1. Looking at ILE25, is it in contact with a Ser or Thr (Cβ under 9 Å, 6 or more places away or on another chain), loosely packed, with under 12 Cβ neighbours inside 10 Å and modelled with pLDDT under 95?
2. Among the listed residues VAL551, VAL556, which satisfies the condition of being assigned to a loop (DSSP other than H, G, I, E, B) and among the β-branched types (Val, Ile, Thr)?
3. Taking the condition modelled with pLDDT of 60 or more and assigned to a loop (DSSP other than H, G, I, E, B), does PRO38 pass?
4. Are there any pairs, at least 6 apart or on different chains, whose C-beta atoms fall under 7 Å, with the first in segment 483-495 and closer than 21 Å to LYS209 by Cβ and the second part of a loop (DSSP other than H, G, I, E, B) and of a type in the set (Ser, Thr, Tyr), and if so, which?
5. With respect to the numbered conditions (1) on the phi < 0 side of the Ramachandran plot; (2) out of contact with any helix residue (DSSP H, G or I) (no Cβ under 6 Å at 6 or more places or on another chain), which one is the sole condition not fulfilled by LEU502?
6. Assess whether VAL166 counts as being surrounded by 24 or more Cβ atoms within 10 Å (Cβ to Cβ) and touching a Ser or Thr at 6+ places or on another chain (Cβ under 9 Å).
7. So which residues in segment 228-270 are touching a residue at least 40 places away in the same chain (Cβ under 8 Å) and among the charged types (D, E, K, R), if there are any at all?
8. So is VAL80 without any contact (Cβ under 8 Å) to a residue 60 or more places away in the chain and β-branched (Val, Ile, Thr) or not?
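The values are calculated or read from the model by the stated rules, or taken from the named source; none is laboratory data. In this text, all values refer to a predicted model and were calculated from it rather than measured experimentally. Using ideal geometry, Cβ is built from the backbone for each residue, glycine included, and neighbour counts are taken over all protein chains shown.
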Amino acid sequence: MNHSSRRAVARIAASAILALTCLTISGIAQRPQHPPKPTGPWMNAALSADERADLVLKELTLDEKIALLHGVGMPTDEPVTPENADSNRGVGYVVGVPRLGIPGIDMSDAAYGVRSSGVNGRYSTALPANVAAAASWDTDAAYEYGALIGRELRAQGFNMSLGGGVNLTREPRNGRTFEYLGEDPILAGTLVGRLIQGTQSAHVIGDIKHYALNDQESGRNAVDISISKRAMRETDLLAFEIGIAEGHPAAVMCSYNRVNGDFACENNYLLNEVVKKDFKFPGFILSDWGGTHSDVKASAAGLDNEQPGRFFYGDRYKAAVVAGKIPQAELDEHVHRILRSMFAAGVIDYPRQRSVVDPFAGFETARKIEEGGIVLLKNERAALPLNPARIKTIAVIGSHSDVGMISGGGSAQVDPIGGNAIKPAGQGQTHWLEEIWFPTSPLKAIQARAPKAEVKYDPGTDPAAAAAVAKAADVAIVFGYQWESEGMDLPSLSLPHNEDALIAAVAAANPHTIVVLETGTAVTMPWVDAPAAILEAWFAGSDGANALGNVLFGTVNPSGKLPNTFPKSEADLPRPTVTMPPPASSGFDGAATPEKWAAGLPGFPVAYDEGLKVGYKWYDAEKKPVLFPFGFGLSYTTYKYSGLAVAQEGKIKVSFTLANAGARAGAEIAEVYASLPAAAQEPPKRLIGFSKVKLEAGEKRVVSLEIDPKYLSIFDEQKDGWVLLPGEYTILVGGSSDKLPLKATISLK
């Protein structure tokens, strides 16, 4: 099942179910099209979500309860049936209880925009990839990111988002790195919390995923991650803990992989002990698509809902309840959590209503978020911003930059308006595991900002020819890209398609070369010393070209900073190569049965021996130099830090003065780190706070941050909880993880 799409998983599951069972259409599905508006006491909005859920629960039959525990397949791929007729043809649907006013749960993938909108004739905004939002380090932007997705989900008729990815970047070659929010749990957890708040502000059920440690795609359905409790709680699980505490998502999606021997979706420690008990999460846990492997075990471990079908949570589950293998109270808790989430998110009080979607309305939001997330990695001799009055000729080279910009694939894929901009066979249609380009043209954006210059385009397929075009220009802007998608990992962090040779040739031909990277993760740069400037634009979204143009020409001062470390080479990673599955873990055949699915693919081990040392913490601890450090990003102005003060007033309070010492307005991301006492046995430093501060030229401001004591604590396995150790803590403040000019110590007791 590794490297297979959710769509393929759903087809296999659906065919197996049809082959093994003769499912009849229950009375739940045979419902009137326009039932009368219910007037039960659960419709009293003055009651709490828990009270309302309990009132509904008392009215439900056993069949109605079971129906809420599972999906009915993927409507996108299946014929219309009485069960899915009311769905919006998304990737998942849970039948509701119309007689009680409980609507169905209509789900859509929505990592960086609403997926598969083109199929429904309704296009949606493609925001910059989530990693670009993380590069903005902007909590307000994260909220707007989620709010736009929530609004567009409702407008298209959906009432549940399947976004909210927050897996940490332990493996930068992971094909879904672009869907996530970086390598640090404080940054990622804070931003995903705000994103979820935004999504649920539109009365849409939000989720957080993929729980947990689903940090590689290779063999994701079989891989067995081994890691200590302390390491997982202080890294990957901490991101989820913060995201749940800040965002209050209605749902958590458990992942495909095993963790310490058990599948994540039937892992009692992960689901019951951590999420439901320690995190005090009141919502429901649903499986990733095809990620359920049992009925009795998964139910007891805390899985509330199986998606997209009912291998285990349909007839088999009902039989287990009737036989007493699953207690009635356990069933009721699952149902209560689902109903409670529906009330809490507002999907019952604010029913979805389809409307006409303006596919261009979100472009401004997408553009502003991309402007804040572009990272200026290099800018020698003030090569940027470009001054159009001084430029007569510009060469634009490579990566289809004449017509579009690349997007991330898989279940995150957003359909571009008008189809794939590079128009392959199929005239712009989008397909699974295919490179899709949005029709946002850097060439046109550059021409619009330098109308008197001669702008020439070269496809970059021949490095020598591209170098000749570059040599004849005043400025050469060469684009490099690295496509990513769910269902695969990158073979390396090198740019593909001979792009390293192209960039090296262009930079050798023209000293005024600017490199623009369109990637979803870190890349290696053997040519890094050659160009005058380097910009990381990520997967830039529906209006990425205008955002890029504004940064190139100085209308916008770049303020993004890296949410992931860029290493010098794969040899410096904790695992120099991705651990691949054995051939026996290649996938299920079309005759898969619940018994085969319960056993799962043959597992293979991956040990997270680096433990606490994720991302920059690894490079710090191992004293490995990097290409560009976590938290790094340049600006067209300069900032100065001074006056650090640290005090303990309940929470730790850190304050300092930040000044814009240049001639341009800008926004600086101030980063606060801490080194813990030696007894903690921690990496050299950890991020404990950050703030994005907008400053006019010459402006000074005192910045104050309150630090959550948990961010200075360690997880004590013996005490099964967080402990703030007594001792001396060093607080460090600055503009990147390797440039922290302010330092102070504080003794904690």
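1. Criteria met by ILE25.
2. VAL556
3. Yes.
4. GLU484/THR521; GLY487/SER4; GLY487/SER5; ASP489/SER218
5. (2)
6. Spelling it out, it is not the case that VAL166 is surrounded by 24 or more Cβ atoms within 10 Å (Cβ to Cβ) and touching a Ser or Thr at 6+ places or on another chain (Cβ under 9 Å).
7. LYS229, ARG230, ARG233, GLU234, ASP236, GLU241, GLU246, ARG258
8. yes
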